[in-house]
Structures are given as C-alpha cells and as structure tokens.
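Asker: Questions regarding the structure given below will be posed in turn.
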Amino acid sequence: MTNMNPKETCDVLVVGWGGAGSAAAISACDAGADVILIEKSAQGGGSTALCLGSLCIPTSMEFADYLDAIGFKTAEREVIDTYTKVAMDTPDFIKKLGGDLTPLVVLQIGYPRTLSGAGFPKAPKAEFMRKMTVTKEAGGGAELTGPRLWNLLKRNVESRKIRVMTNTPAKELVKNDSGEIIGVIAERAGEKFFIKAKKAVILTAGGYENNNAMLWEYYASKPIKFLGNPLNTGDAIRMLQKAGAAMWHMTNMVCSIAYQSPEFEAAFPVACCGTDFLYVDKHGKRFMCEATGDIHEFGHAVAHFDTQRIEFPAIPAYIIFGEQTRKRAPLFGGKIGNNVNLYKWSLDNSAEIAKGWIIQAKNPAELAKKIPTMDPATIEATIAKFNEACKSGKDAEFKRAKEDMSAITGPFYAIPIHPALFCTQGGGRRDKEGRVLDPDGKPIPRLYEAGELGAISGWLYQGSTSLADCIIFGQISGKNAAAEKSIEGSN
Ligand SMILES: Cc1cc2nc3c(=O)[nH]c(=O)nc-3n(C[C@H](O)[C@H](O)[C@H](O)COP(=O)(O)OP(=O)(O)OC[C@H]3O[C@@H](n4cnc5c(N)ncnc54)[C@H](O)[C@@H]3O)c2cc1C
C-alpha cells in the first residue's frame, strides 16, 4: 500500500471527529499544520455530542495524587502530572475558542447521584476535583451541556477551514520501511484509498463500547451494554495492535446503570427520583447501597461471579420501586446518550409499563412470577426487611441513609438494569507528549492519540476526566504532531 499514490496529502491526519479529534485538529492547525480530519459517521460528534459535557478542571496540581491513587498507579506519574497541569489550563483553551465555563449543575436529582465533585471523596486530595461545563451563551445555544461543547468545537474546526471528510472510516495505519506512520488507508463509498500524512497521524476514534467481542474479551462483568455513539467499535484498537502498540487500561469499565430495550441499539441510562426503591440481583437479594457510590462504577459493583451457579447474579439486576418513584419523574431523564433524540420516555413511566419495559405487579409474589429468575421468598423478605429499615431509619445491611429511604408499598414495579458504558479507556499506552508507545516503551514514530482511546484512567474512573482528556491530549498531540519534521524534509 505504501507504493500507492496518495489520494489526499496533509501534514497531520486526525482520525475520528469527536471531542479529541476536534481539539487535536484545532491545535495542529493553529500550530501551522495542514490538517485533514476523517470521520466514520455522516456528521461527527461521536460520544462527545451525546454526553453530559462535564469537564474535570482541578483546582490544584495536588489533584495528581488523587488521579494516581484511584488509577492504582497504572499511568506514569509524569503523564498524570501533565494531564493535571493542562487540565487546569482548560478554561484558557475554551476561552480561545470563544467559549466560557461554569460549574456543573446536576440536571436530574436522583439516584445514583451524579456528584459535582470527586467520585471517591475518601481518596487523597479529592478536594481539588472540580467539574465544569460550557455555558449556553458561549456554547452555540444548545440546551443540553454535551452538545454545547460539541457545537463550540465544531464551529472552531469549521471556521479554520480544516478539511473534514465524513463517511470516511480509517481502515489501516500505513508504515514506511523505517517504521514511521505515514498515513492511513481509508474507505469511502466502497473505495479504499491512501491518505498521506507528512508529519503524523493522531488517532482519536473513541472507544470500543459497541464491540461485543472486545467487551467480552476485556471486561470482567458480562454482558455489558453501551450508552453513547454506536460507531465506536474499537477500530483504532485493532489499528494500534497491528502497528505494534503497547496497550493499556483495556479493562477499565466506566459503567452506569441502564435499561436495554430490545428496540434500541444503545441502552437508556436510568435513575430513580423517589426514595422508595431498591436494587436486587436476579434472585431478589440486595447487593449494594443504592443511594451512594459513584455513578460510573456500576460495572465493578456487579462484577461478583457465583461459581456454584455459574452466573453473574446481578447481571441483570432489577430496580424494584413503588408509586412515589414511578410518579415523580421518568426513569430516563432524556438528557444524555444516543437515545436522547430517538425516544421520549413518558413523564410518569406509564408508557413504558404499557410497553412491558417496566414490569408491574400487585405484590412481590406476582413480581417473582413475572421474572423467572426471581425467588418469591427472597424478594418478599428483601422488600419486608427494607420497609422495616425505613421505619427504624437504620439500614443495617448497606447503611443507606434514612433520608434516602421510604417504604415500597404496592403496586410494585421492576425494571431490569445492566452495567452500560459511558466510555472505555483502553488504547495505546501513551507518554506525556501524546505519543503512542511500543512494548519497549519507545514511541512509534509519528503516531499520536487523544481522548478516550488510550485515556489515563487505569482502574477506578473519575467522572469528567474522559472528556477532559479530549481537550488535554487533543492539544498536546495536535501541537506535537504539527512540530514533527516533515517526511519530505522540510518543516
Ligand atoms: C451518556 C454519556 C455521558 C457522558 N458524560 C460525560 C461527561 O459528562 N464527562 C466526561 O468526561 N465524559 C463523559 N462521557 C464520556 C465522554 O463522552 C467520552 O469519553 C468522550 O466524549 C470521548 O471523546 P472522543 O473524542 O475520544 O471520542 P468520540 O467523541 O466518541 O469521537 C470518536 C469519533 O471517531 C469516529 N470513529 C470511530 N471509528 C472510526 C474510524 N475507523 N475512522 C474514522 N472515525 C472513526 C466516531 O464515529 C466518533 O465520531 C459520557 C459518555 C456518554 C455516552
């Protein structure tokens, strides 16, 4: 393929037009490079355009200790330090684009809670965590906070007249005889062609949320669903592996709680706005405190495997709830994820009961009849025990706070829930310059990455650090790629 004539040539080729691709393209362009952006979908945006839009902007360099602790030191400290430093400068970058930031306002007050600060308050230096979103006025007017950031980035790509080729997935990285990455084979309308990059390629093609085989291979909990861009199928993971990259963070599950309807590809993130609800495993037993815990860690919460029964007892789990929760708010708030524009959930959840998505029963025994895995005696005892705890104000089992509990009285409702991915974090191991490393720790020449593809989180995931990675490593990789010497000799 390297002998092929390139159909297109540029200095810096960016693969994937979401948040990271935009920040990388903008930064490379502003550093003087001629940039091409290629994108698999018709319009770009990726999960960035579907997300909550919350960016981690720490208030001190000491926050690096926190990231180090929750990542179990799986990333080199200099990478974490660089991440933290550039994260603190994010407001300047957003300002340069014509945007403005404001502290995150949590959109739906429900359970599990979306925290505006650190997801793991007991970890060291958690107090330096801060979440911010782009303001409506400066973010293109969108009501929802994710699309605001996307509008801002898109506007800046377009105003720089960066060449964008949509409906053009990258298929292969191209290496020359010296082992340098000099472009990609892309495909459009059934035709494969070579796009040459004289300086570097930056991979920003997102994660592998919608690649079942990869999820099965890398994740402890099974099955896992996804919430974001259906086109994030891990294409760049394969390209990185073929290019000889060392992989990291492939097993980090960033999962919320979601309902998978058979009619939709992505799952619906769900939350309860009342207090008369429980999570139970498929047999009817509680397994966690439903009110606290971080919204991104449901994958870990349900990872227990029963070797006697040969099953994950809590996949699917069920939310069991009563009238207060049913009436107070839709379980799917309609603010985030791929289904936002595809389905309007009814305000009192009645349409979803009628559809059979939510199971309704007069009593726990009837509920158990309708859910074949549920043990009638177990679910009855679980609800009775919880209702007792509501009376006494003491949840001996899981220490749920008094104000977060109220008794579940009939009718009874249940909805199956799965762990569902906000994002993956796996990808090529990168250094603080955004370069992709090989298994010996040497940079693969002229290959960079940014965003959730190969992001920094190794074990626990701090909410808002994935989107922040787009801006942070987008800038770093974009600038450094533009500064590479051209393969044709000049700069
Ligand atoms: C519901 C939801 C809420 C979230 N909320 C937050 C939040 O508030 N804060 C936070 O930090 N994170 C959040 N996340 C995660 C965050 O949105 C993503 O991690 C982040 O947007 C990823 O950006 P990215 O640019 O790396 O990938 P994406 O934005 O997904 O962009 C990748 C792009 O690459 C394209 N692509 C894929 N394969 C190819 C190929 N072969 N060739 C060319 N293009 C390709 C895709 O179509 C896509 O457009 C949320 C995610 C979801 C789903």
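The values are calculated or read from the model by the stated rules, or taken from the named source; none is laboratory data. From a predicted model like this one, the values you see are computed outputs, not experimental measurements. As a convention, Cβ positions derive from the backbone with ideal geometry for all residues, glycine included, and neighbour counts pool all protein chains shown. Side chains are part of the model used for accessible areas, which takes the heavy atoms of the whole protein and leaves out ligands, DNA and RNA. Shrake-Rupley method; radii C 1.70, N 1.55, O 1.52, S 1.80 Å.
Asker: Could you tell me how far the Cα centroid of the stretch 20-92 sits from the Cα centroid of the stretch 287-308, in Å?
Answerer: After rounding, the separation between the Cα centres reads 28 Å.
Asker: Please give, to one decimal in nm, the separation of the simple spin-label points placed at Trp459 and Glu323, each 7 Å out from Cα toward the Cβ.
Answerer: Each label point lies 7 Å from its Cα, and together they span 4.7 nm.
Asker: Now for a different question. Near Glu127, within a Cβ-to-Cβ distance under 12 Å, what is the net charge of the other residues, with Lys and Arg +1 and Asp and Glu -1?
Answerer: Local charge sum for Glu127: +1.
Asker: Here's a follow-up. Given H placed 1.01 Å from N in the peptide plane, which residues other than close sequence neighbours of Arg286 have an amide H under 5 Å from its amide H?
Answerer: Under 5 Å from the amide H of Arg286: Asp281.
Asker: Oh, and also: Given a 1.4 Å probe, how much area per residue of the stretch 254-421 is accessible, in Å²?
Answerer: Details: 7080 Å² over 168 residues.
Per-residue value: 42 Å².
Asker: Gly427's amide H: which non-local residues (gap 5+, or another chain) put their own amide H closer than 5 Å, with H modeled 1.01 Å from N in plane and none for Pro or chain starts?
Answerer: Distant-sequence amide H within range of Gly427: Trp248, Met250, Gly454.
Asker: Can you grab the distance from the C-alpha centre of the stretch 146-186 to the C-alpha centre of the stretch 330-354, Å, no decimals?
Answerer: Computed from Cα coordinates, the inter-centre distance equals 34 Å.
Asker: Given a 1.4 angstrom probe, I'd like the percentage of the accessible area of the stretch 332-409 that is carbon and sulfur, rounded to a whole number.
Answerer: 56
Asker: Helix 19-30 versus the longest principal axis of the chain: what angle, 0 to 90°, nearest 10, using Cα atoms?
Answerer: The answer is roughly 20 degrees.
Asker: Cα atoms only, the stretch 362-491: Rg and Dmax in Å?
Answerer: Every Cα atom of the stretch 362-491 included, Rg and Dmax give 25.9, 77 Å.
Asker: Compute the helix-to-body angle for 145-159: its Cα long axis versus the longest principal axis of the chain, expressed 0 to 90° and rounded to tens.
Answerer: On a 0 to 90 degree scale, this one is about 10.
Asker: If you don't mind, another one. What percent antiparallel are the DSSP beta bridges of the stretch 1-147, to the nearest 5?
Answerer: On the way: 5 of 9 bridges.
Antiparallel bridges: around 55 percent, rounded to the nearest 5.
Asker: Place a point 7 Å from the Cα of Thr74 along the Cα-to-Cβ direction; which residues of the stretch 426-441 have their backbone N under 11 Å from it?
Answerer: 426-427
Asker: Grab the Cα-Cα distance for Asp81 and Gln241, subtract it from 0.36 nm times how many residues apart they are, and report the gain in nm with one decimal.
Answerer: Length gained, Asp81 through Gln241: 54.9 nm.
Asker: From the phi angles alone, apply the Karplus equation (6.51, -1.76, 1.60; θ = phi - 60°) to the stretch 116-124 and give each ³J(HN,Hα) in whole Hz, x where the residue is Gly or Pro.
Answerer: 8, x, 6, x, 10, x, 7, 6, x
Asker: Please list, in order along the stretch 125-130, the HN-Hα scalar couplings obtained from phi with the Karplus expression 6.51 cos²θ - 1.76 cosθ + 1.60 (θ = phi - 60°), rounded to whole Hz, x for Gly and Pro.
Answerer: Calculated HN-Hα couplings, in order: 6, 4, 5, 8, 7, 9 Hz.
Asker: For Lys175, which sequence-distant residues (separation of 5 or more, or a different chain) have an amide H within less than 5 Å of its own amide H, given hydrogens modelled in the peptide plane?
Answerer: Under 5 Å from the amide H of Lys175 lie the amide H atoms of Ile182, each far enough along the sequence or on another chain.
Asker: If you line up the long axis of helix 465-482 against the longest principal axis of the chain, both from Cα atoms, how many degrees apart are they, to the nearest 10?
Answerer: 0
Asker: Using the Kirkwood formula on the Cα atoms of the stretch 85-242, what hydrodynamic radius do you get, in angstrom to one decimal?
Answerer: With all distinct Cα pairs of the stretch 85-242 included, I get 19.3 Å.
Asker: Run the simple label-point estimate for Leu342 and Lys171 please: 7 Å along Cα→C-beta, distance reported in nm.
Answerer: 2.7
Asker: Here's another thing I want to ask about it. From the P(r) of the stretch 15-114, could you give the percentage of C-alpha pairs in the tail past 17 Å?
Answerer: Value for the stretch 15-114 (Cα pairs over 17 Å): 67 percent.
Asker: Work out the FRET efficiency for Lys385 and Asn363 from their Cβ-Cβ distance, taking R0 = 25 Å, and round it to the nearest 0.05.
Answerer: Values: r = 16 Å, r/R0 = 0.63.
Efficiency for this residue pair is about 0.95.
Asker: What order do Ile336, Ile358 take when sorted by accessible area (1.4 Å probe), most exposed first?
Answerer: Ile336, Ile358
Asker: Taking a probe of 1.4 Å, how large is the accessible area per residue of the stretch 108-249, in Å²? Walk me through the intermediate numbers first.
Answerer: Details: 5870 Å² over 142 residues.
Accessible surface, normalised per residue, equals 41 Å².
Asker: Equivalent ellipsoid semi-axes for the stretch 199-262, as square roots of 5 times the alpha carbon gyration tensor eigenvalues: give them largest first, rounded to whole Å.
Answerer: For the stretch 199-262, the semi-axes come out at 24, 14, 10 Å.
Asker: Carbon-plus-sulfur fraction of the accessible area of the stretch 184-294, 1.4 Å probe, in percent?
Answerer: 51
Asker: Please report the base-10 log of the normalised intensity I(q)/I(0) for the stretch 254-421, using a Debye sum with one equal scatterer per alpha carbon and no solvent, at each q in 0.11, 0.13, 0.19 (1/Å).
Answerer: With one equal scatterer per Cα and no solvent, log10 I(q)/I(0) is -0.42, -0.59, -1.36.
Asker: Still on this model: Please report, in whole Å, how far the alpha carbons of the chain spread along each principal axis, starting with the longest.
Answerer: Cα extents, longest axis first: 76, 44, 42 Å.
Asker: Given the Cα-Cα distance of Glu127 and Thr9 and 0.36 nm per residue of separation, how much length would full extension add, in nm?
Answerer: Values: separation 118, 0.36 × 118 = 42.48 nm, distance 4.71 nm.
Full extension from Glu127 to Thr9 adds 37.8 nm.
Asker: Report ³J(HN,Hα) in whole Hz for each residue of the stretch 209-217, in order, from the Karplus equation J = 6.51 cos²θ - 1.76 cosθ + 1.60 where θ = phi - 60°; Gly and Pro get x.
Answerer: Calculated HN-Hα couplings, in order: 4, 10, 10, 4, 5, 5, 5, 5, 5 Hz.
Asker: Here's something else I'd like to know. Can you figure out the FRET efficiency of Thr307 with Ser392, using R₀ = 35 Å and their beta-carbon distance, to the nearest 0.05?
Answerer: So, using R0 = 35 Å, E works out to roughly 0.50.
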